[in-house]
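Peer 1: Shown below is the structure under consideration.
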Amino acid sequence: MKKNLKKIAIVAMVAVAIAACKKNQETSTPEPQETVKNADKVLQHIKNLGFPESSIVDNGNEYIVEEDIIFPKNMEITTNGAGPKTEQYYTGSIVNSTNKLNIRVFVDPSMTSMSSEINNAIAQWNGVPGSTLRLNIVTSAPYDILIKDENLGSGVCGQGQFPSGGSAGALIKINKSYIAGNSFAQRARTICHEFGHCISFRHTNWAAQGESTATNVPGVTGTDALSLMNGGQCGSGATVLSQKDKDATAVLY
Ligand SMILES: [Zn+2]
């Protein structure tokens, strides 16, 4: 919490600094307003995905939905109604056919101590039969997904972003100290689960979790106790992708 407040304070200070710079110039285009406008668009986008207002938390530079999904306020919103309507349960917006072949993952120095867990998670997604989606670690920019440590408080293992504009969700936050006491398999599960959000998967158990209605992956429907994409199972959930998780991945990718 403190961290977030600090972040907000920094953002506010930067905004003031920008505004201060502008004051001495002739042009009075209020840049901050652009940011606000995009945040409104993002908020509308979240609602369009079917998330009720009550599930959306304003967290400074981002909105957090259902505890572990991040929507940056500066994310690019593209309206694309022509996508495939398939899902186990997904957002309806997937990584496009070019980007899915090489989704570049950059491991922040704060997460290198869990490189083995990250590699395990990546191997699971890359090993799905019938899917050409590939996550690859890169050691420098450019990259598509940044994975970093962040204190998310008690009860939240990690957070991930959904895809936008045909690109994978750009950020995964792992509550490293919180999951440090879990088994290797459970730590890898958390990371694998957040990668799942980055490639569009919703929680398979969204209904039981009281979450907003998710889109079905065509042909892969219903509940699945073995799904690694079940939510609310930090430290106790499935540690390998279930058959239905794999089927859904093959359908989408
Ligand atoms: Zn989740």
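Each value in this text was obtained by applying a stated rule to the coordinates, not by laboratory testing. A quick note: this is a predicted structure, and the numbers were derived from the prediction, not measured. Every residue, glycine as well, gets a Cβ built from its backbone with ideal geometry; the counts of neighbours run over all protein chains shown.
Peer 1: So what is the relative contact order of the stretch 163-253, in percent, for Cα pairs below 8 Å that sit 6 or more residues apart?
Peer 2: Once normalised by length, the contact order is 30 percent.
Peer 1: Under 5 Å between amide H atoms, partner at least 5 residues away or on a different chain: which partners does Gly158 have, H built in plane at 1.01 Å?
Peer 2: For Gly158, the qualifying residues are Asn175.
Peer 1: Please rank Glu66, Glu117, Glu76, fewest neighbouring Cβ atoms within 10 Å first, as an exposure proxy.
Peer 2: Glu76, Glu66, Glu117
Peer 1: Lys pairs in the stretch 88-252, Cα-Cα under 22 Å, at least 8 apart or on separate chains: how many?
Peer 2: Qualifying lysine pairs in the stretch 88-252: 6.
Peer 1: Would you work out which of Gly232, Gly155, Ser200 lies farthest towards the positive end of the dipole of the stretch 88-252, given +1 charges on the beta-carbon of Lys and Arg and -1 on that of Asp and Glu, about the Cα centre?
Peer 2: Highest projection toward the positive end goes to Ser200.
Peer 1: Something else: Read phi for every residue in the stretch 114-126 and hand back ³J(HN,Hα) as whole Hz from Karplus 6.51 cos²θ - 1.76 cosθ + 1.60, θ = phi - 60°, with x for Gly and Pro.
Peer 2: 10, 4, 5, 5, 5, 4, 4, 4, 5, 4, 5, 5, 5
Peer 1: Hey, can you grab everything whose amide H is under 5 Å from the amide H of Ser164? Only 5+ residues off in sequence or another chain; H modelled, so Pro and N-termini drop out.
Peer 2: Hits under the 5 Å cutoff: Gly169.
Peer 1: Still on this structure: So, in nm, how far is label Ile77 from label Leu101 when the simple model puts each one 7 Å beyond its Cα toward the Cβ?
Peer 2: 3.2 nm
Peer 1: In nm, to one decimal, how far is the Asp58 label point from the Ile137 one, both placed 7 Å along Cα→Cβ?
Peer 2: 4.0 nm
Peer 1: Taking θ = phi - 60°, what integer Hz values does the Karplus form 6.51 cos²θ - 1.76 cosθ + 1.60 yield along the stretch 60-74, in sequence order, with x for Gly and Pro?
Peer 2: x, 7, 8, 9, 10, 10, 6, 6, 10, 10, 9, 10, x, 5, 9
Peer 1: Using packing as a proxy for protection, rank 204-215, 163-174 so that the peptide with the highest average count of other Cβ atoms within 10 Å comes first.
Peer 2: 163-174, 204-215
Peer 1: In the stretch 88-252, how does Rg compare with the Kirkwood Rh, expressed as the Rg/Rh ratio over alpha carbon atoms?
Peer 2: Rounded to two decimals, Rg/Rh equals 0.93.
Peer 1: Let's see if you can work this out: charge +1 on each Lys and Arg Cβ, -1 on each Asp and Glu Cβ, no other charges. What is the dipole magnitude of the stretch 88-252 about its Cα centre, in debye to the nearest 20?
Peer 2: Computed about the Cα centre, the dipole is about 160 debye.
Peer 1: Provide the per-residue ³J(HN,Hα) series for the stretch 214-227, in order, calculated from phi with Karplus coefficients 6.51, -1.76, 1.60 and θ = phi - 60°, each as a whole number of Hz, with x at glycine and proline positions.
Peer 2: Using θ = phi - 60°, the values come out as 9, 7, 6, 6, x, x, 10, 10, x, 7, 7, 4, 8, 5 Hz.
Peer 1: Could you tell me what % of all Cα pairs in the stretch 138-178 have separations over 15 Å?
Peer 2: Every Cα pair in the stretch 138-178 considered, those over 15 Å come to 47 percent.
Peer 1: For Asn59, which sequence-distant residues (separation of 5 or more, or a different chain) have an amide H within less than 5 Å of its own amide H, given hydrogens modelled in the peptide plane?
Peer 2: Ile64
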